[in-house]
Amino acid sequence: MGCGRFRGCLVLVLCVVLLVGLVSGIGVNWGTQLTHPLPSSTVVKMLKDNGIQKVKLFDADPDILNALKKSGIQVMVGIPNDMLYTLANSMQAAEKWVSKNVSAFVSSAGVDIRYVAVGNEPFLSTYNGSFETTTLPALQNIQAALVKASLGNQVKVTVPLNADVYQSAQVPSDGDFRQDIHDLMVQIVKFLSQNNAPFTVNIYPFISLYEDPNFPVDYAFFNGFQSPINDNGRIYDNVFDANHDTLVWALQKNGFGNMPIIVGEVGWPTDGDRNANLQYAQRFNQGFMSRYMAGKGTPMRPGPMDAYLFSLIDEDGKSIQPGNFERHWGLFYYDGQPKYQLNIGSRTNGLVGATGVAYLAKKWCILKPSANLNDDQVAPSVSFACQNADCTSLGYQTSCGSLDTRGNISYAFNSYYQVNDQIDSACKFPGLSVVTDRDPSTGDCKFKIMIQTDSAGMHGNGRIWHLRMQQWENNFKFGSYAP
């Protein structure tokens with residue numbers, strides 16, 4: 001994209017400003033469902049080292065917001081779905097939430113809060129309509145509370161929605177909102193429009209590939225698809241563009257064709273499924289970023305877009321109900337180290353990892369070489385370890401998919417051992433386990449060493465792990481394995 005040699009200084013300046021904004025404008029999602037989260041100050045330094053200027057949160061954690069003070073990073077704070085009922089039914093609760101989580105940080109702490117995300121994908125079909133009656137009233141009450149706090153112009157409300165809220169028979173121009181929530185969606189869009197607020201959508205080409213074994217692989221990425229879709233002269237050679245523009249058409253058909261759109265989540269996982277790997281993740285995210293930095297949008301919205309990569313760091317405490325890949329969306333591993341080379345338009349050519357990270361001792365819990373695989377204790381021990389730690393790197397065509405039976409058992413034991421801070425009692429599977437100082441990692445399969453953190457047990461799911469570790473000791477005293 002060039003400014004043109006003879007278009008005048010004003011145009012040149014505007015183009016330069018636009019390009020600078022694009023280069024540094026990508027956002028990231030900062031999730032906190034980790035057993036051992038990095039200190040918030042470490043993460044904020046990571047954000048700044050990588051030139052990331054926008055962050056999307058899923059709650060309003062005061063420790064994180066305090067770390068973002070005077071950082072220059074724009075913030076979208078989140079309201080979890082389980083709070084929607086209270087906020088929908090109590091204006092006082094909404095005002096209290098805004099006062100505590102927005103006003104207090106904007107006014108005195110210097111946190112640059114730009115958006116409040118009311119709920120997170122509340123209309124997923126798997127929720128069976130649980131939040132359909134509370135999302136709009138909660139949105140309205142939070143907006144009213146922001147206005148009352150004199151923040152209505154500075155902080156905008158939005159609702160991050162999954163792409164399943166709209167649908168298309170064949171091509172993007174067929175797009176409209178899902179029939180069962182059509183009227184509700186129009187009401188929400190109308191309210192957002194009245195308050196100059198954006199529509200936020202989460203788009204995941206990976207899920208298309210995950211759910212449909214016949215989905216054309218190259219169509220999930222941004223190059224290489226040889227059979228593009230022609231929608232009345234608009235050419236779609238990737239599913240992201242087609243998905244995004246299905247939303248544009250849904251908005252347009254209902255009278256809101258100019259509504260701004262934020263892509264709240266977009267990314268690719270690196271493990272936990274045969275299509276979740278480093279190569280595909282690098283291909284997708286770099287393809288997306290190259291377009292993003294060039295200011296290339298979609299056929300219906302050809303200009304620059306506003307987007308947040310999903311996600312910043314792997315979260316080993318996330319639910320795996322949607323799939324084992326859920327714990328592997330990060331650009332960075334659990335310890336803040338980059339997974340692959342990725343240019344996101346910052347000052348460097350690649351991602352900059354976290355600094356000053358302290359690790360536990362270099363020791364691992366593995367299956368004893370002398371252990372008998374036919375021992376009756378093997379199956380329940382592995383089951384317990386995996387239920388209470390993270391075994392999502394085990395499985396068909398995953399990073400540890402080539403391990404033999406002994407390797408799989410060792411991986412499960414070590415995962416539990418590390419999650420529990422290498423406590424001696426966490427490597428006492430009856431007659432089966434032993435601690436070693438020889439790294440059992442092999443090839444792409446890494447047996448992790450957990451990081452040291454003062455926040456384990458107070459953030460994410462850490463407290464749960466600690467209680468389960470105590471329960472583990474009691475279970476073995478009485479010969480029980482049930483978590």
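The values are calculated or read from the model by the stated rules, or taken from the named source; none is laboratory data. Please read these numbers as outputs of a predicted model, since none were measured by experiment. Note that each Cβ is placed from the backbone with ideal geometry, even for glycine, and that neighbours are counted across all protein chains shown. Note: accessible area is taken over every heavy atom of the protein model, side chains too, but ligands, DNA and RNA are not part of it. Shrake-Rupley method; radii C 1.70, N 1.55, O 1.52, S 1.80 Å.
Quick one: which of ALA149, ALA138, ALA145 is more than 24 Å from the chain's Cα centre (by Cα), farther than 21 Å from ASP245 by Cβ and open to solvent by less than 10 Å² (accessible area, probe 1.4 Å)?
Matching residue, one of ALA149, ALA138, ALA145: ALA145.
Results for (1) crowded, with 19+ Cβ neighbours inside 10 Å; (2) in contact with a helix residue (DSSP H, G or I) (Cβ under 7 Å, 6 or more places away or on another chain); (3) closer than 24 Å to ILE423 by Cα; (4) among the β-branched types (Val, Ile, Thr), shown as yes or no for each residue.
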residue: ILE320; (1), (2), (3), (4): no, yes, no, yes
residue: TYR334; (1), (2), (3), (4): yes, no, yes, no
residue: TYR340; (1), (2), (3), (4): no, yes, no, no
residue: LEU367; (1), (2), (3), (4): yes, yes, yes, no
residue: ASN372; (1), (2), (3), (4): no, no, no, no
residue: THR392; (1), (2), (3), (4): yes, yes, yes, yes
residue: TYR396; (1), (2), (3), (4): no, no, no, no
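Given GLU315, GLU265, which one is at pLDDT 95 or above, charged (D, E, K, R) and within 23 Å of GLY345 (Cβ to Cβ)?
So the residue among GLU315, GLU265 that is at pLDDT 95 or above, charged (D, E, K, R) and within 23 Å of GLY345 (Cβ to Cβ) is GLU265.
Out of all the residues in segment 261-286, which are surrounded by fewer than 18 Cβ atoms within 10 Å (Cβ to Cβ) and of a type outside the set (S, T, N, Q)?
Those that are surrounded by fewer than 18 Cβ atoms within 10 Å (Cβ to Cβ) and of a type outside the set (S, T, N, Q): ARG274, LEU278.
Being farther than 26 Å from ALA389 by Cα, in contact (Cβ under 8 Å) with a residue 60 or more places away in the chain and assigned to a loop (DSSP other than H, G, I, E, B) is the requirement here; does MET289 meet it?
No: the conditions fail for MET289.
Which condition number does TRP97 fail, the rest of (1) aromatic (Phe, Trp, Tyr); (2) assigned to a helix (DSSP H, G or I); (3) within 19 Å of LYS54 (Cβ to Cβ) being met?
Evaluating TRP97 over (1) aromatic (Phe, Trp, Tyr); (2) assigned to a helix (DSSP H, G or I); (3) within 19 Å of LYS54 (Cβ to Cβ) leaves (3) as the failure.
From (1) at pLDDT 95 or above; (2) more than 23 Å from THR35 (Cα to Cα), pick out the condition that doesn't hold for LYS477.
(1)
Would segment 218-227 turn up any residue that is within 24 Å of GLY297 (Cα to Cα), of a type in the set (D, E, K, R), open to solvent by 10 Å² or more (accessible area, probe 1.4 Å) and not in a helix (DSSP H, G or I)?
No, the conditions are met nowhere in segment 218-227.
Which one of these is under 27 Å from the mean Cα position of the chain (by Cα), of a type in the set (Gly, Ala, Ser) and crowded, with 18+ Cβ neighbours inside 10 Å: SER433, SER381, SER410, SER415? Spell out the reasoning first.
Values: SER433 fails: under 27 Å from the mean Cα position of the chain (by Cα); SER381 fails: under 27 Å from the mean Cα position of the chain (by Cα); SER410 fails: under 27 Å from the mean Cα position of the chain (by Cα).
Unique residue meeting the criteria: SER415.
Out of segment 169-192, which residues are open to solvent by less than 10 Å² (accessible area, probe 1.4 Å) and within 13 Å of ASN243 (Cβ to Cβ)? Can you show your working first?
Going through segment 169-192, the residues open to solvent by less than 10 Å² (accessible area, probe 1.4 Å) turn out to be 172, 175, 177, 181, 185, 188-189, 192.
Passing the criteria: PRO172, GLY175.
Taking segment 228-242 as the search range and keeping residues that are open to solvent by 40 Å² or more (accessible area, probe 1.4 Å) and of a type outside the set (Val, Ile, Thr), which one is nearest to GLY330 (Cα to Cα)?
Selected residue: ASP237.
If a residue has to be of a type outside the set (D, E, K, R), assigned to a helix (DSSP H, G or I) and within 12 Å of MET300 (Cβ to Cβ) to count, how many in segment 240-264 make the cut?
Looking only at that region, the number is 10.
Tally up the residues in segment 132-176 that are without any contact (Cβ under 8 Å) to a residue 12 or more places away in the chain, more than 18 Å from ALA250 (Cβ to Cβ) and among the polar types (S, T, N, Q), please.
2
Considering only segment 152-168, I want to know if a residue exists there that is open to solvent by 10 Å² or more (accessible area, probe 1.4 Å) and in a helix (DSSP H, G or I).
yes
What is the one condition in (1) out of contact with any strand residue (DSSP E or B) (no Cβ under 8 Å at 6 or more places or on another chain); (2) among the small types (Gly, Ala, Ser); (3) farther than 24 Å from VAL44 by Cβ that ALA104 does not satisfy?
(3)
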